[in-house]
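Inspection log for the structure reproduced underneath, given as structure tokens.
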């Protein structure tokens, strides 16, 4: 392929990859359109020759093999559970998204996008997320940002918890990019990144998605530790000031933020005293207890979706959980317990595989003095750290938005990491 044609192909890759974080929260179903666009383009690009790499050469890379193996194993456990537990074919719909992300991984490795296009698109995505949240809460007077509305087309598809968590991830990724620009003395771009970080995090706070805030301190600690060569006490203070400003702004703009924090504390106290058992926090605790009980009955392969609901009803009849919770056919509101209860220890290990295999690769590739490579790997790691927190109070992967967002964002940074690790 000529150099001109190669550059054109790489521009196509750059556009479709950069479109994902930008479109993700631009409207309710933005993540769907962006993912479909990226998937279909990636399939086509795999048949386009590259002067540097063939499909076979890419597949021989041990890191690519590890990622594909983890993703295929995760999907296979769903298929096995469906067959063993006489489940419905719809059970494999959501996990199929991790398989569909594999062509995206291969295409980005084969035809590398422009790194600056990609990282700046995440900043734009965070800015858009924050602006959308402000429009919804301040102009449309919604009590929570990203609250879906079927009567307004561009609001249809938003989910406060899912979208709030995605906004938080975009904000934290922007913060990592800001550190990268600061290291390179690109102060305007660093400030632009901080604005993105503040708006992304603000969007999450205005959504009232409390589970999205759990691992924020851990992510900040990781960021400071990973960049300890540039973070003095003064600079750490400068990093924390915007975070406190965001929290203060969110509480000033929307009293619902403070209310939901106080409500969560009160709900926990009530639950321990056996009061207000129909609160969202108490229901979660009861769903977790039910999931643990289901796992104890089927520790290896899990109970499957149908049997899990039957067991939940039995736990309610025995008085272990409230009857209203026993009749609830929702997920466990905890991805770890969800996988343990439905697919057992094997399913849980497969879940850990798609979470920690990428972290292992990012860590391995991060031993490089190149600042761009360090930033790419830190973006990947901090994105997964945040996801580990979201999964504690929400089954993110039981929703189309959650599994698509995790799969696509992870393979984007993995592909960039693998492509640039030899610099």
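Set side by side, the residues 42, 50, 81, 101 differ, and just one is outside any helix (DSSP H, G or I) and touching a helix residue (DSSP H, G or I) at 6+ places or on another chain (Cβ under 7 Å), which is 50. When residue 360 is tested against (1) in a helix (DSSP H, G or I); (2) modelled with pLDDT under 95; (3) surrounded by fewer than 22 Cβ atoms within 10 Å (Cβ to Cβ), exactly one condition is not met: (2).
Restricting the first residue to the range 272-286 and requiring it to be over 18 Å from residue 331 (Cβ atoms), which pairs with a second residue that is in a loop (DSSP other than H, G, I, E, B) and modelled with pLDDT of 70 or more meet a Cβ separation below 6 Å and a spacing of at least six or different chains? These pairs meet every condition: 277/322. The residue pairs whose first member lies in the range 150-165 and is more than 18 Å from residue 391 (Cα to Cα), whose second member is at pLDDT 85 or above and buried (at least 24 other Cβ atoms within 10 Å of the Cβ), and whose beta carbons are closer than 6 Å, counting only pairs six or more residues apart or on different chains, are 158/146. Inside the range 99-148, can you point out the residues that are under 23 Å from residue 61 (Cβ atoms), within 18 Å of the chain's Cα centre (by Cα) and surrounded by fewer than 23 Cβ atoms within 10 Å (Cβ to Cβ)? If the condition is that a residue be under 23 Å from residue 61 (Cβ atoms), within 18 Å of the chain's Cα centre (by Cα) and surrounded by fewer than 23 Cβ atoms within 10 Å (Cβ to Cβ), then 99, 100, 102 are the ones that fit. For the range 28-49, a residue qualifies if it is surrounded by fewer than 22 Cβ atoms within 10 Å (Cβ to Cβ) and either at pLDDT below 90 or touching a strand residue (DSSP E or B) at 6+ places or on another chain (Cβ under 7 Å) (or both), and the qualifying residues are 29, 49. Scanning the range 285-299 for residues that are more than 9 Å from residue 312 (Cβ to Cβ) and either more than 24 Å from the chain's Cα centre (by Cα) or at pLDDT 85 or above (or both) turns up 286, 288, 289, 292, 295, 296, 297, 298, 299.
In the range 316-323, is there at least one residue being in contact with a helix residue (DSSP H, G or I) (Cβ under 7 Å, 6 or more places away or on another chain), within 16 Å of residue 291 (Cβ to Cβ) and free of Cβ contacts under 8 Å to residues at least 12 places away in the same chain? Yes, the range 316-323 contains at least one residue that is in contact with a helix residue (DSSP H, G or I) (Cβ under 7 Å, 6 or more places away or on another chain), within 16 Å of residue 291 (Cβ to Cβ) and free of Cβ contacts under 8 Å to residues at least 12 places away in the same chain. Restrict the check to the range 61-68 and report whether at least one residue is outside any helix (DSSP H, G or I) and at negative phi. There is at least one residue in the range 61-68 that is outside any helix (DSSP H, G or I) and at negative phi.
Of the listed requirements (1) buried (at least 21 other Cβ atoms within 10 Å of the Cβ); (2) modelled with pLDDT under 85, residue 330 misses just one: (1).
Among the numbered conditions (1) surrounded by fewer than 22 Cβ atoms within 10 Å (Cβ to Cβ); (2) assigned to a helix (DSSP H, G or I), tell me where residue 367 comes up short. It fails just one condition, (2).
The values are calculated or read from the model by the stated rules, or taken from the named source; none is laboratory data. The model shown is predicted, which means the values in this text are computed figures rather than measured ones. We place every Cβ from the backbone using ideal geometry, glycine too, and count neighbours over all the protein chains shown.
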